[in-house]
Amino acid sequence: MPEELAIGLDIGGTKVAFVLADRQGRIYADKTLPTNSGAVAEDFFDRIGSLLNHYLDRNTNISGIGIGVPGPVASQRGIALHAANLGWKEVPVRDAVAARLSRLLPIFVDNDVNCGAIGEQEFGGLQGISHFVYLTVGTGLGGAAMLNNRLMRGAAHSEMEIGHVSLDPINGLPCTCGMRGCLEMTISGKGIVAQAQHHLADYPDSLLRQAEITTREIIKAADTDDSLARHVMHEAGSALGIACAWCVNLFNPQLIVLAGGLIMAAYHLLKAPMHRELRARSLPINSTAVDIKLAKLSNAALGASALVWNHRHRGE
């Protein structure tokens with residue numbers, strides 16, 4: 001057993017993922033439990049406290065706890081400001097967890113995408129890369145920017161909401177945020193489903209007319225050269241390239257790391273249009289300096305555990 005361990009928690013809308021891991025990212029225990037997002041917050045934290053104490057009472061070498069939650073987070077205060085899928089507003093996550101622990105430990109709370117970026121730097125082979133952008137493409141589209149080895153932080157704790165930059169505010173599809181034409185409505189799981197449904201009448205021979213339209217079915221149809229599915233995935237790849245070009249011109253990163261379920265399942269369909277738009281829409285001096293790689297880290301809770309070591313490095 002290593003000298004030090006950290007706990008990582010990733011709190012999502014449907015499940016909470018838990019890991020007990022060392023500072024090299026080796027996992028010694030992992031577990032998932034349902035979030036029960038409709039439950040009272042006090043009951044939720046009681047369950048989390050019981051889970052954590054089970055491991056704290058058996059492992060005296062646990063040095064800290066990292067917690068990732070969706071939405072904007074006031075990380076210095078450990079407060080989840082607005083986690084819509086959980087029904088949370090201004091929830092003091094750090095204090096609620098600390099109050100239930102059997103012993104005092106440092107607890108760090110951050111946005112789940114930030115946790116992914118920190119985890120990728122700690123465990124994903126990005127040691128020595130101090131300037132990168134991390135984009136996660138799954139159900140939605142999110143991002144984080146590591147600038148000179150520090151995460152970019154915004155005034156309202158809602159930085160890098162790249163999914164809600166609008167490509168077409170007039171004619172674009174309506175987004176859940178209230179705007180139209182957001183990037184997320186083209187390049188994300190919900191975006192490609194919405195685009196396929198929107199264009200379905202224009203493709204009477206599409207295989208997607210014969211089944212429920214899901215992300216999985218769109219990718220499968222695109223792999224068989226279905227015209228509607230290929231169109232939707234080409235547009236998604238182009239939108240991703242535009243997002244990358246914005247990041248390249250704004251931050252001049254060494255690397256863009258792409259993560260998330262849609263990326264991992266469909267990168268072979270997205271890659272060509274993404275690179276084409278990136279080259280066309282960014283300054284050559286910037287686009288030639290950047291590399292694009294897929295994320296190596298797939299365990300969100302492990303990314304949360306990296307908060308402990310990241311804060312240790314910074315002496316915080």
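The values are calculated or read from the model by the stated rules, or taken from the named source; none is laboratory data. For clarity, every value in this text was computed on a predicted model and none was experimentally measured. With ideal geometry, Cβ positions are generated from the backbone for all residues, glycine too; neighbour counts draw on all protein chains shown.
Structure data summary
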quantity: Pair list, Cβ < 6 Å and 6+ apart or interchain, from segment 147-172 residues that are not assigned by TED's automatic domain parsing to the domain that holds Lys89 to residues that are among the polar types (S, T, N, Q) and at pLDDT 95 or above; calculated: Leu151/Asn114
quantity: Residue that is surrounded by the fewest Cβ atoms within 10 Å (Cβ to Cβ), among those in segment 125-171 that are among the polar types (S, T, N, Q) and under 14 Å from Asp112 (Cβ atoms); calculated: Ser158
quantity: Gln127 in a loop (DSSP other than H, G, I, E, B) and within 14 Å of Asn310 (Cβ to Cβ); calculated: yes
quantity: Hits in segment 259-280 (condition: in contact with a Ser or Thr (Cβ under 9 Å, 6 or more places away or on another chain) and charged (D, E, K, R)); calculated: Arg276, Glu277, Arg279
quantity: Helices (runs of 4 or more DSSP H) enclosed by segment 218-316 - at least 2 residues per element that are out of contact with any His (no Cβ under 9 Å at 6 or more places or on another chain) and of a type in the set (A, V, I, L, M, F, W, C); calculated: 227-251, 261-281, 300-314
quantity: Residue match in segment 96-118 (condition: touching a Phe, Trp or Tyr at 6+ places or on another chain (Cβ under 7 Å), crowded, with 20+ Cβ neighbours inside 10 Å and in contact (Cβ under 8 Å) with a residue 60 or more places away in the chain); calculated: yes
quantity: Near pairs, Cβ below 8 angstrom, 6+ apart or cross-chain, from segment 128-140 (free of Cβ contacts under 8 Å to residues at least 12 places away in the same chain and closer than 26 Å to Ile192 by Cα) to any residue that is buried (at least 24 other Cβ atoms within 10 Å of the Cβ) and among the β-branched types (Val, Ile, Thr); calculated: none
quantity: Selection within segment 26-54 - in contact with a Gly (Cβ under 8 Å, 6 or more places away or on another chain) and either surrounded by 13 or more Cβ atoms within 10 Å (Cβ to Cβ) or at pLDDT 95 or above (or both); calculated: Thr35, Ser37
quantity: Odd one out for Pro174, checked against (1) at pLDDT 95 or above; (2) closer than 30 Å to Trp309 by Cβ; (3) surrounded by fewer than 16 Cβ atoms within 10 Å (Cβ to Cβ); calculated: (2)
quantity: The one condition in (1) modelled with pLDDT under 95; (2) within 15 Å of Tyr134 (Cα to Cα); (3) of a type outside the set (Asp, Glu) that Leu207 fails to fulfil; calculated: (2)
quantity: Residues within segment 200-255 that are hydroxyl-bearing (Ser, Thr, Tyr) and either touching an Asp or Glu at 6+ places or on another chain (Cβ under 6 Å) or within 30 Å of Gln127 (Cα to Cα) (or both), tallied; calculated: 2
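Conditions (1) among the β-branched types (Val, Ile, Thr); (2) closer than 30 Å to Asp10 by Cα, marked per residue:
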position: Gln210; (1), (2): no, no
position: Arg216; (1), (2): no, yes
position: Asp226; (1), (2): no, no
position: His231; (1), (2): no, no
position: Gly241; (1), (2): no, yes
position: Asn249; (1), (2): no, no
position: Met264; (1), (2): no, yes
position: Ile285; (1), (2): yes, no
position: Lys296; (1), (2): no, yes
